[in-house]
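Scroll down for the structure; my scribbles are underneath it.
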Amino acid sequence: MADTQQIDAKAERTAQKLARRISAFAKAHGGAEGQVAYIGERGARIVLVGEDGGWGDVVAPSYEIAEKAVEKSGITAHESFDGEFAAKVKTGPYEWKRMAGIQIGG
């Protein structure tokens, strides 16, 4: 039983730490919305999009911890990254250069 409690306590601390990072992102970008995506054994990626179009992400060690972190942060969570939510992302020259470089093998 003690091992389970230690794991739960560690998961709770991790979720709280991620929630603080999400909240800081939201504060810096005038609010934020997010989407949790499973990325295999590495856990889950929380994609964040700010009200100003800025974007970023954080990675959680599990999908459950990611969901807890999003819930604790109070941001709106989306089921998928498409439609109006995806359209809020603003990209700049860096992203366009990077995307072009990937396409031509750079």
- request: Out of the residues in the stretch 71-86 that are part of a loop (DSSP other than H, G, I, E, B) and among the small types (Gly, Ala, Ser), state the one that is modelled with the lowest pLDDT.
  value: Ser80
field: Any pair with Cβ under 9 angstrom, 6 or more apart, that starts in the stretch 25-53 at a residue that is under 12 Å from Thr76 (Cβ atoms) and ends at one that is among the acidic types (Asp, Glu) and assigned to a loop (DSSP other than H, G, I, E, B)
entry: Ala26/Glu51; Gly31/Glu51; Gly31/Asp52; Ala32/Glu51; Glu33/Glu51; Gln35/Glu79
- request: Take the stretch 21-50 and flag every residue that is touching a Ser or Thr at 6+ places or on another chain (Cβ under 8 Å) and assigned to a helix (DSSP H, G or I).
  value: Ile22, Ser23, Ala26
field: Hits in the stretch 33-79 (condition: small (Gly, Ala, Ser) and either open to solvent by 60 Å² or more (accessible area, probe 1.4 Å) or over 10 Å from the mean Cα position of the chain (by Cα) (or both))
entry: Gly40, Gly43, Gly50, Gly53, Gly54, Ser62, Ser73, Gly74, Ala77
message: When you check Asp8 against the structure, is it open to solvent by 40 Å² or more (accessible area, probe 1.4 Å), out of contact with any Phe, Trp or Tyr (no Cβ under 8 Å at 6 or more places or on another chain) and part of a loop (DSSP other than H, G, I, E, B), yes or no?
response: no
query: Only one of these conditions is not met by Lys68: (1) at pLDDT below 90; (2) part of a helix (DSSP H, G or I). Which number is it?
result: (1)
- prompt: Which residue pairs have Cβ atoms closer than 6 Å, lie 6 or more positions apart in sequence or on different chains, and pair a first residue in the stretch 71-96 that is among the polar types (S, T, N, Q) with a second residue that is open to solvent by less than 90 Å² (accessible area, probe 1.4 Å)?
  reply: Ser73/Ala19; Ser73/Ile22; Ser73/Ser23; Thr76/Glu33
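The values are calculated or read from the model by the stated rules, or taken from the named source; none is laboratory data. As the structure is a prediction and not an experimental result, all values here were calculated from the model. FYI the Cβ positions are ideal-geometry reconstructions off the backbone, even for glycines, and counts take in every protein chain you see. Surface accessibility is based on the protein's heavy atoms, side chains included, excluding ligands, DNA and RNA. Shrake-Rupley method; radii C 1.70, N 1.55, O 1.52, S 1.80 Å.
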